[in-house]
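These notes are about the structure you will find just below.
The values are calculated or read from the model by the stated rules, or taken from the named source; none is laboratory data. Just so it is clear, the structure is predicted and the values come from calculations on it, not from any experiment. Here Cβ is always computed from backbone atoms with ideal geometry, including for glycine, and neighbour counts include all displayed protein chains. Heavy atoms of the whole protein, side chains included, go into the accessibility calculation; ligands, DNA and RNA do not. Shrake-Rupley method; radii C 1.70, N 1.55, O 1.52, S 1.80 Å.
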Amino acid sequence: MAIFKKKKPEADSYRTLPEHIGIIMDGNGRWAKKRLLPRTAGHTAGAKVFRTIARYCSDIGIKYLTVYAFSTENWSRPPEEVKALMKLFKDYLLEALSDFKDDSIVVNFIGDKSGFTDEMHKLMDENEELSKDRDGMVLNIAINYGSRDEIVRAVKKISAGVKNGDIDIDSIDEKMVSDNLYTAGQPDPDLVIRPSGEYRISNFLLWQSAYTEFVIMNKLWPDFTTEDLDEAIDIFNGRNRRFGGV
Ligand code: IPE
Ligand code: IPE
Ligand code: MG
């Protein structure tokens, strides 16, 4: 893990920077409700915050950021809400293709892309293709993502290998499982932040978060700021990670 100096001169301290941060971007609906707005207004506000926080993480030197944008269970929401979310995703995909050509961020989608329209699927592939050779932060966007679904897929892939004779059953180990997840080749998250005050994981990075530090914050995602991100990193710095040791 890298050591970095806080950018703000008044906060002249050193701290350990998590290599990989995960964020469960939660609380958009409640944010809108508090303002007597439709839930979709919360998603629009949340999408803006996503752009700010992703940029900030890249600027301060985070190597991997995984944001939970849409779960495999979120399809059960009212059709108007799902439609509005798809529109916001599409806007982002188009914007990322046209506006951020010189950006250093590598955009990667984790989740089942086949659940989307062909147009959306193509836009995701184009974003990945355009950004794959960049050298900056890897931004994993978890969309139509469910960690149980991800693990089931890994089990199926490995089983198929066993069946056709490519994999010896005794060679199956933790690394092989990790290598068959969407996050293959990436470090596990050091820190997962959940705004909105909910104490649950909601099917996010179950395998990968075995030794992750969780920080729950009582802020709704559209109110989340770069200062909140700094605070979460400070809390992370106060934790004693033991990984089962002493
Ligand atoms: C997160 O905010 C966005 C998605 C799940 C797509 P929510 O929409 O879950 O907001 P709350 O939890 O209802 O406030
Ligand atoms: C988790 O939030 C999914 C995303 C933030 C994309 P949810 O709002 O769907 O989770 P629950 O229903 O509170 O567990
Ligand atoms: Mg929610």
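Points to keep in mind about this one:
- Diffusion constant of region 11-124 at 37 °C, which comes from Stokes-Einstein with the Kirkwood Cα-pair radius and 0.692 mPa s, µm²/s: 208
- A 1.4 Å probe run over the protein chains yields, for region 116-195, 54 Å² of accessible area per residue, whole-number rounding.
- Whether region 162-246 is rounded, prolate or oblate, judged on the alpha carbon gyration tensor where a/c under 1.5 counts as rounded: prolate
- Beta bridges by DSSP in the chain, antiparallel share as percent, to the nearest 5: 10
- A Förster radius of 45 Å combined with the Cβ-Cβ distance from Asp118 to Asn240 puts the calculated FRET efficiency at roughly 0.40.
- Ellipticity estimate at 222 nm from DSSP helix runs (n ≥ 4, -39,500 (n - 2.57)) divided over the chain, nearest 500: -13000 deg cm²/dmol
- Rg then Dmax, both in Å and based on the Cα atoms of the chain: 18.6, 61.
- Within region 46-137, trypsin sites (Lys or Arg not before Pro) in DSSP loop having at most 16 other beta-carbon neighbours inside 10 Å: Lys101, Lys132, Arg134
- Loop-resident sites, region 17-57, for chymotrypsin sites (Phe, Trp or Tyr not before Pro), counting at most 11 other Cβ within 10 Å (DSSP): none
- Only protein atoms count toward the accessible area here, which uses a 1.4 Å probe; on the chain, the carbon and sulfur part of that area reaches 53 percent.
- Euclidean distance of C-alpha centroids, region 217-246 and region 64-87, integer Å: 24
- Formal net charge of residues neighbouring Ser71 (Cβ-Cβ distance under 15 Å; K, R +1; D, E -1): -2
- The charge dipole of the chain, taken about its Cα centre with unit charges on the Cβ atoms of Lys, Arg (+1), Asp and Glu (-1) only, comes to about 860 debye.
- Springs between Cα atoms under 10 Å define the GNM used for the chain, and in it the highest mean-square fluctuation of Ile216, Ile23, Ile167 occurs at Ile167.
- Theoretical gain in end-to-end length, Ala160 to Asn218 [0.36 nm per residue, Cα-Cα removed]: 16.5 nm
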